[in-house]
Amino acid sequence: MYSEKVMDHFTNPRNVGEIADANAVGEVGNPTCGDIMRIYMKIEDGVITDVKFKTFGCGAAVATSSMATEMVKGKTIAEALALTNKAVAEALDGLPPIKMHCSVLAEDAIKAALIDYYKRQGIDPKPIVGFDSVAEMECCHGDLHEGCQHA
Amino acid sequence: MEKRFVYADNAATTRVSDEVVAAMLPYFTEYYGNPSAVYGFAGKAKTAIENARAQVATALGATPGEIYFVSCGTEADNWALKGTARMLAEKGRHIISTPFEHHAILHSLNTLEKEGFEVTYLPVYDNGRVRVEDLKAAIRPDTILVSVMFANNEIGTIQPIAEIGAVCRERGILFHTDAVQAIGHVPVDVQAMNIDMLSLSGHKFHAPKGIGAMYLRKGVGIPNFMDGGGQEKKRRAGTENVPYIVGLGKAIEIATQKLPEESKRVAALRDRLMDGLLERIPDIKINGDRENRLPGNVNVSIKYVEGESLLMMLDMQGVCAASGSACTSGSLDPSHVLMAIGLDHATAHGSLRFSFADYSTQEDIDYILEVLPPIVEKLRAMSPLAK
């Protein structure tokens with residue numbers, strides 16, 4: 001049911017781990033849904049110089065985390081903010097319809113890390129990222145998480 | 001260790017045995033007559049059906065006249081529940097069951113609820129077993145049916161069927177059991193256990209998919225589910241699937257003969273796997289009672305990891321297993337069985353079921369014990385929940 005690319009990224013995920021001196025950390029999802037993604041970033045002069053992830057979830061959740069981190073590594077914040085879930089899914093040669101929410105989670109995880117980055121700087125993330133918090137962002141995807149109780 | 005193929009999903013379906021295939025083959029190409037026909041050639045097929053009926057009856061402690069062949073376990077479940085409800089709607093509209101039945105039961109009950117029937121779902125506790133005192137307390141003057149599965153398909157727990165049957169008989173309430181997972185693996189006796197209706201399915205004990213049977217105690221006159229011709233004593237219409245009926249009969253006969261020793265052998269494999277997993281993987285939990293359990297069922301929750309990821313990595317190592325995680329059920333909710341025994345969502349998402357039968361070997365168990373711990377370690381290393 002998965003493409004070769006998904007299987008590749010699931011079997012050999014890129015950028016797994018944590019960054020000790022990360023200056024941006026974002027986490028989305030919850031155990032009720034069965035997916036949690038946490039993304040760590042090191043941002044220097046507006047460029048994401050390093051990125052790592054930890055994910056609890058299905059094969060697609062791991063693969064989208066891996067692909068999304070690869071797609072933003074070495075990129076500017078502006079480029080990372082432009083990353084869409086569709087782009088992540090396309091880069092993986094597609095996802096089964098029921099797994100598309102995993103790509104949404106990956107896009108959200110990147111944004112969650114950037115929200116955290118701006119907050120740490122004392123800058124309001126809303127005008128830049130579009131959201132104040134992870135909760136606000138996830139509410140917008142409520143339809144994708146039907147049945148899940150977001151805290 | 002050399003890679004091997006390990007089929008550990010026998011609760012989903014089993015391999016058809018060579019003996020069963022051999023018994024079936026003549027009924028495709030040699031004795032293909034319609035059993036309802038008058039000429040002698042068709043008599044071969046008719047006799048084969050009656051022989052299979054006797055084989056099923058013997059296995060259940062029933063008489064051949066009480067056995068009806070159907071297409072699958074789901075059909076038998078639908079027939080028993082909807083038939084009883086229709087027959088007794090005037091007498092009462094209350095049914096007692098459990099929240100962790102197979103969907104063939106649960107969705108039939110939902111249909112009946114929409115038609116105005118009321119269903120009490122007995123608690124199944126963390127050990128995955130119904131308590132007879134809860135059943136006694138739930139019975140009302142308008143209770144017309146109790147349906148409790150013989151053994152659970154996900155966690156393998158065996159229900160106190162004889163005790164439930166005794167209570168139902170004493171109160172004059174019909175008792176149905178979905179015995180799809182139990183037949184061929186644990187002893188079943190419809191007389192001793194006071195069972196009025198029982199569903200079984202061939203492909204769970206080395207017969208093919210697409211054939212099942214219903215035991216209907218003599219005198220239980222529920223209306224027909226399939227209208228049509230006069231087959232199965234006018235109780236279940238449709239031309240008989242002769243080769244499959246023959247296969248079901250052969251498989252149940254073999255399973256019954258082998259049961260005393262085979263159930264011990266398979267239970268030893270089960271225990272070896274459960275003990276081995278507890279020893280080798282930290283933070284895991286066996287789901288369901290260890291004592292009252294199908295010989296072939298192992299169900300564990302592996303904390304901090306998700307079931308589909310586990311299954312995919314096991315598959316790469318050649319191991320076929322199952323999980324109760326949402327991702328494998330095609331919905332966003334984990335298994336209703338694991339929820340019913342009180343697991344939290346994250347723990348349910350990390351469940352694995354291994355199920356064994358006649359072709360399972362100790363080498364299979366040892367291979368799983370070899371390949372699973374590194375898989376868990378790899379997934380935990382990338383899990384934000386792991387410590």
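Shown is the FRET efficiency for B:R272 and B:A12, computed with R0 = 25 Å from the Cβ-Cβ distance and rounded to the nearest 0.05: 0.75. Put simply, when B:122-129, B:41-48 are sorted by average Cβ atoms within 10 angstrom per residue, most first, you get B:122-129, B:41-48. Of all DSSP-defined beta bridges confined to the protein assembly as shown, some 70% are antiparallel rather than parallel.
Dividing the summed -39500 (n - 2.57) terms of all DSSP H runs of n ≥ 4 by the residue count of chain A sets its mean residue ellipticity at 222 nm at -12500 deg cm²/dmol. Calculated over segment B:275-387, the projected area of the Cα convex hull averaged across directions stands at 7.2 nm².
A simple packing score, the average count of other Cβ atoms within 10 Å per residue, orders the peptides B:101-113, B:353-365 as B:353-365, B:101-113, with the highest score first.
With a 10 Å cut-off around each Cβ of B:375-386, the average count of Cβ atoms from other chains is 4. Inter-label distance, B:D344 to B:F41: 6.9 nm, where each label sits 7 Å from its Cα along the C-beta direction. Shielding value for B:306-315 is 5, the average number of Cβ atoms from other chains within 10 Å of each residue's Cβ.
The mean count of C-beta atoms from other chains within 10 Å of the C-beta of residues in A:24-33, rounded to a whole number, is 3. The listed peptides A:29-35, B:376-382, ordered by packing as a protection proxy, come out as A:29-35, B:376-382 (highest mean of other Cβ atoms within 10 Å first).
Per residue of chain B, the DSSP helices (runs of n ≥ 4 H) give a summed -39500 (n - 2.57) that works out to -13000 deg cm²/dmol at 222 nm. Placing a pseudo-label 7 Å from each Cα along the Cα-to-Cβ vector at B:T58 and A:T49 gives an inter-label distance of 8.0 nm. In this label model, A:R14 and B:D366 are separated by 4.2 nm, measuring between points 7 Å along each Cα→Cβ vector.
Rounded to the nearest 10 degrees, the inclination of helix B:362-381 to the longest alpha-carbon principal axis of chain B is 50 degrees. Two tests apply to each whole DSSP H helix in chain A, Cα reach of 18 Å or more along its axis and mean Kyte-Doolittle hydropathy of at least 0.5, and the ones passing both are A:59-72.
The loop-placed trypsin sites (Lys or Arg not before Pro) in segment B:150-228, going by DSSP, that have at most 16 neighbouring Cβ atoms within 10 Å of their Cβ come out as B:K209, B:K218.
Here, each number is a calculation from the coordinates, and none is a lab measurement. Being a predicted model, the structure only gives us computed values, none of them experimental. Using ideal geometry, Cβ is built from the backbone for each residue, glycine included, and neighbour counts are taken over all protein chains shown.
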